[in-house]
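**Q** Below: one structure in structure tokens.
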Amino acid sequence: MDFDLSEEQQLLKDQARKFLADQCPPAEVRRVFEGEESFHPDVWRGIAELGWLGTAVPEEYGGVGAGYMELCVLAEELGRALAPVPFSSTAYLAAEAISLSGSEEQQRKYLPRFAMGELIGTLALAEGPGMVTAASLETRYADGKLSGHKLPVPDGDVANIAIVAACDQGVPGERISLFIVSLVANGVDRQTIETLDPGRGHARIDLDNAAAEPLGRPGEGLEIIDRVFDRAAVMFAFEQLGGAQRALEMARDYALERFAFGRPVGSFQAIKHKLADMYVATELARSNCYYGAWALSVDASELPVAAATARLSAIKANHLCTKENIQIHGGMGFTWEFDCHLYYRRAKLLALTLGGEPEWQDRLIDRLRRQRPNAEQAAQ
Amino acid sequence: MNFDDTLEEAEFRSRARKWLDENVPSDWRGRTTTPADIVEFIREWQARKADGGWACIGWPKTYDGQGATPMEEAIWGQEEGELATVSSFPIMIGVGMAGPMLMVHGSDAQKKKYLPPMLRAEKIWCQLFSEPGCGSDLAAARTRAVRDGDGWIVTGQKVWTSFAHFADQAILLARTDPTVPKHKGLSFFIVDMKAPGVEVRPIRQMSGDAEFNEVYLTDVRIPDEDRVGDVGAGWRVAMTVLMHERSGVAGADPFGFDNLLEQMENLPMGATPAIENEAVRARLADFYVRISGLEKTNLRTLSALSRGEQPGSEASIGKLVLAEQLVEQTSLALDVQGMAGIMTDESLAPAGGVHQQGYLRDLCMRIAGGTDEILRNTIAERVLGLPPDLRIDKKVAFEELPVSGTVRD
Ligand SMILES: Cc1cc2nc3c(=O)[nH]c(=O)nc-3n(C[C@H](O)[C@H](O)[C@H](O)COP(=O)(O)OP(=O)(O)OC[C@H]3O[C@@H](n4cnc5c(N)ncnc54)[C@H](O)[C@@H]3O)c2cc1C
């Protein structure tokens, strides 16, 4: 066992941090957060040039084929920098869905373009508030066309293509299948919507007989999404970890610098304990994340449990750290001008994309039950 | 113990209800959507209440109140309900804090001059306490007031001042003597917010709204009649204000629990509504128990007051409980909305996006009016009698105290 980053991975992490510190400092994040654009095209281009988008895409499909450990390392840095780019939608969702379930031809067609940053992709699942289930989806597919609406679609306002989950009238019981849809084609209408985190774009997408290309085995859409989400959950967890870590550092620095009652506020035990709790949560999350990254990188049978654990652990740490970072900053933390709230907003965005905490708690316990030695007997 | 109204209380309640039925403007909701609208609305509504004898009923009759008992005040609060919760916040610093403070520390002339227009909301008040360098440690205020003939010249900067952009008057804590230990060199003043030298600049909050401000005071002249309490006794006066700021949670269901329950009935979670989900139920039950505990605690306080006793120390838990409660409730509300919980669009988000707004606003409750940490210290030290922190700042002259940015080893 070697439960740490390799030298090359550490190097990659340092390079990533440096690149993002140069190209995507807080002022650039704010440009997107406060401006009209839904992402930062220059940062996106830079990321594409560095080949980050192809990190886990095999070389035969135009990627770097470095692996998932490396992708996770980058995810942590992107989360730390609050990078306003459609990276997760493209690399963790769309590219993963296609590499898991796409035909050889589809992989050849799409993966190289994702890897180059030529194509922004996303996954369109939710259709409004509430948990998504087979019964809750109303978007329909028949005769090569999709109709319905999807809301919210992460980066849906800037993506070129979306993987859309819909009831498939072509399979018995109208089970859910996946489809690839060009978002600039006829029959697709999209509108940017406002969310808690304007640092990332979101859209409502209306489909009216939009041309669609089936992806994966018909009727197995939700099963594929489950697998995509397990994988994405690990990478999202790293983004959350990066955010939590940064919030912890901001809070620590401020506690050292700010005086009250003639001493730094960090000298009060209430603040020390708070910071210590944030540290503990972050370290637990880090360990769970590393384990998840390993399970993902070798496609271990432990992945479903490891992914849910990493995600829940990172949601907790990120929520705690970003919330208490504001608290430790006092009135300053509650201002628009300080960056504390950007982290707090992003924390909720990451916690809800892929479905919220209660859903993942359910998933985790279901999987833990399933993995017990006598689970099958017990079920009978 | 009896939680029912006595005969007199029931009679009072029905009189209150009758007056409200006849007088609450039917369009009040539409008129209280923005802070500016609320300010306009509250001026009209307080005046109408005052004419009917229902404004600040707990105040003595000399200052246009009704001398009502604490129990009657509470009944009135229950009956005015949501209308009060929604519309009364621009006057809370006035009638909720500055008014009670003046009744304890103000001169007769000050009470006569300031209380009646405060009660009618003809004048809106704000609180010039916090500064860039001090919030929790309020006694470290640096804004200077220097004697000048029959008045004072005040210079300094205040921050986080809620409602300063609407305010006509302010309560101010300023340093009159920096050479003595910090608690001893403060004095308390009333400031005319329209006076020359007062400049208000809005600060944007993390939610994007600008409900608080920076206030710059440059050579502002304050007549000595507007000093409250003795020179150097400002800290005592400020403590009275803080006590009122931290106590009491007014209005009906300030927690929005009913709203949350309704959402859980309506939102699907799997094949059933969220409210059927066991984890959700456990958390809702938890919330309810805390809310109920807080409501009943408030009633205990009230019943002590109405027996003419000082409220017990339990009164100090209100804001601490409420703040955490709001943050937790909001978090659950968003989690149950799933991926769509991030939408802030009023037309798309459940309940018009109130929970998303809450996500960006509730955290201020943990900071404003005394942070959670300060409130816990207060409970530990004042209520439980634990020894205070060793204080290095109490005996030293104010001007010698270490501040942010000082290098020390
Ligand atoms: C929405 C809002 C409205 C406000 N409105 C007003 C207003 O109208 N008028 C006004 O005067 N002020 C107002 N305030 C200011 C408010 O009272 C202060 O922000 C608050 O008291 C905290 O002070 P600070 O911001 O300076 O934080 P600091 O005092 O610098 O505190 C920083 C951190 O250190 C902690 N800390 C400080 N001392 C201790 C200690 N002894 N033990 C443990 N922890 C400690 C705090 O809890 C906090 O977490 C408002 C604030 C907000 C957020």
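**Q** Taking the Kirkwood radius as the inverse of the mean 1/r across Cα pairs, report the Rg/Rh of chain B.
**A** Rg/Rh: 0.98.
**Q** Along the charge dipole of chain A, pointing to its positive end and built from +1/-1 on Cβ of Lys, Arg, Asp and Glu, which listed residue (A:ALA185, A:VAL280, A:SER99) has its Cα farthest out?
**A** A:VAL280
**Q** Here's another thing I want to ask about it. Nearest 10 degrees is fine. How inclined is helix A:7-23 to the longest principal axis of chain A, computing both from alpha carbons?
**A** 80 degrees
**Q** How compact is chain A by the rule of thumb for globular proteins, expressed as Cα Rg over 2.2 N^0.38 Å?
**A** 1.00
**Q** While we're looking at this one, here's another question. Report Rg/Rh for the stretch A:7-119, rounded to two decimals, where Rg is the Cα radius of gyration and Rh the Kirkwood radius.
**A** Expressed as Rg/Rh, it is 0.98.
**Q** Scan around A:ALA260 for amide H atoms under 5 Å from its own, H built in the peptide plane at 1.01 Å from N, and keep only partners 5 or more places away or cross-chain.
**A** A:VAL265
**Q** Oh, and also: Using helices alone, I'd like the mean residue ellipticity at 222 nm for chain B: each DSSP H run of four-plus residues gives -39500 (n - 2.57), total over residue count, nearest 500.
**A** For chain B, the value works out to -12500 deg cm²/dmol.
**Q** Now, a different point. So for chain B, averaging the separation of alpha carbon pairs under 8 Å that are six or more residues apart and normalising by length, what relative contact order in percent results?
**A** So the answer I get is 13 percent.
**Q** Rg and Dmax of the stretch B:1-101, Cα atoms, in Å?
**A** According to the Cα coordinates of the stretch B:1-101, Rg and Dmax are 14.0, 44 Å.
**Q** Quick one: plug the Kirkwood hydrodynamic radius of the stretch A:247-299 (C-alpha pairs) into Stokes-Einstein at 37 °C, 0.692 mPa s, and report D in µm²/s.
**A** 259 µm²/s
**Q** For the stretch B:152-241, which trypsin sites (Lys or Arg not before Pro) are both in a DSSP coil and crowded by at most 14 other Cβ atoms within 10 Å?
**A** Those satisfying the criteria are B:LYS194, B:ARG204.
**Q** For the stretch A:57-136, what is Rg from Cα atoms divided by 2.2 N^0.38 Å, rounded to two decimals?
**A** 1.22
**Q** Give the average, rounded to an integer, of partner chain Cβ atoms located within 10 angstrom of each Cβ in A:190-198.
**A** 5
**Q** If the reach is capped at under 16 angstrom between alpha carbons, list the lysines near B:LYS111, excluding any in the same chain fewer than eight residues apart.
**A** Leaving aside lysines fewer than 8 places away in the same chain, those within reach of B:LYS111 are B:LYS61, B:LYS123.
**Q** Find, among the GluC sites (Glu not before Pro) in the stretch B:16-122, those assigned to loop by DSSP (not H, G, I, E, B) with at most 14 other beta-carbon atoms within 10 angstrom.
**A** B:GLU122
**Q** Under the definition of Cα pairs under 8 Å and six or more residues apart, what whole-number percent is the relative contact order of chain A?
**A** 15 percent
**Q** When the gyration tensor of the protein assembly as shown is built from Cα positions, what are the square roots of 5 times its three eigenvalues, in whole Å, from largest to smallest?
**A** So the three semi-axes of the protein assembly as shown are 53, 31, 24 Å.
**Q** State, to one decimal in nm², a quarter of the convex hull surface area for the C-alpha atoms of the stretch A:222-372, i.e. the direction-averaged projected area.
**A** Mean projected area for the stretch A:222-372: 9.6 nm², to one decimal.
**Q** For chain A, modelled as a GNM with alpha-carbon contacts under 10 angstrom, which of A:CYS289, A:CYS321, A:CYS24 fluctuates the most?
**A** Sorting by GNM fluctuation, first place goes to A:CYS24.
**Q** Kindly write out, for the stretch A:92-109 in residue order, the coupling ³J(HN,Hα) from the Karplus curve 6.51 cos²θ - 1.76 cosθ + 1.60 (θ = phi - 60°), rounded to whole Hz, with x marking Gly and Pro.
**A** Once θ is set to phi - 60°, the couplings for the stretch A:92-109 become 8, 9, 5, 5, 5, 4, 6, 6, 6, 10, x, 5, 3, 5, 5, 4, 5, 6 Hz.
**Q** Check B:ILE203: other-chain or 5+ apart residues with amide H under 5 Å from its amide H, H built from backbone geometry?
**A** Here the answer is B:PHE212, B:ASN213, B:GLU214, since their amide H atoms fall under 5 Å of that of B:ILE203.
**Q** Hey, another quick one. What angle do you read, to the nearest 10 degrees and between 0 and 90, between the alpha-carbon axis of helix A:303-328 and the longest principal axis of chain A?
**A** Relative to chain A, helix A:303-328 is tipped by roughly 40 degrees.
**Q** Would you mind counting up the charge near B:LEU115? Only other residues with Cβ under 12 Å from its Cβ, with Lys and Arg at +1 and Asp and Glu at -1.
**A** With Lys, Arg at +1 and Asp, Glu at -1, the neighbours total +3.
**Q** Could you give the dipole magnitude of the protein assembly as shown about its Cα centre, charging the beta-carbon of Lys and Arg +1 and that of Asp and Glu -1, in debye to the nearest 20?
**A** Dipole of the protein assembly as shown, to the nearest 20 debye: 2020 debye.
**Q** I'd like the distance separating the alpha-carbon centroids of the stretch A:1-44 and the stretch B:320-335, in whole Å.
**A** Each part's Cα centre sits 32 Å from the other's.
**Q** Then there's this: If you average the alpha carbon positions of the stretch A:114-153 and of the stretch B:204-228, how far apart do those two centres end up, in angstrom?
**A** Going from one Cα centre to the other spans 51 Å.
**Q** Related question: Please arrange B:ILE203, A:ILE180, B:ILE392 by counting, for each residue, the other beta carbons lying within 10 Å of its beta carbon, fewest first.
**A** B:ILE392, B:ILE203, A:ILE180
**Q** What net charge do the residues around B:SER130 carry, taking every other residue with its C-beta under 13 Å from that of B:SER130, with Lys and Arg at +1 and Asp and Glu at -1?
**A** So the environment of B:SER130 carries a net charge of -2.
**Q** Another one. Taking a ≥ b ≥ c as the square roots of the eigenvalues of the Cα gyration tensor of the stretch A:1-44, is the shape rounded (a/c under 1.5), prolate (a/b larger than b/c) or oblate?
**A** Prolate shape, in that a/c is at least 1.5 and a/b is the bigger ratio.
**Q** So how compact is the stretch A:122-219: Cα radius of gyration and Dmax in angstrom?
**A** 12.7, 42
**Q** Something else about it: Taking only Cα atoms, what is the 0 to 90° angle, nearest 10, from helix B:257-266's long axis to the longest principal axis of chain B?
**A** Long axis of B:257-266 versus the principal axis of chain B: about 30 degrees.
**Q** Show me the chymotrypsin sites (Phe, Trp or Tyr not before Pro) within the stretch A:1-39 that DSSP assigns to loop and that have at most 15 other Cβ atoms within 10 Å of their Cβ.
**A** Those that pass, being in a loop and sparsely packed, are A:PHE3.
**Q** Quick check: the distance between the Cα centres of the stretch A:205-254 and the stretch A:340-373, to the nearest angstrom?
**A** 11 Å
**Q** Convex hull over the Cα atoms of the stretch B:275-409, averaged projected area in nm²?
**A** Here the figure is 14.3 nm², rounded to one decimal.
Laboratory data are not the source of any read-out in this text; all were calculated from the coordinates shown. Bear in mind the structure is a predicted one, so any value in this text is a computation, not a measurement. Here Cβ is always computed from backbone atoms with ideal geometry, including for glycine, and neighbour counts include all displayed protein chains.
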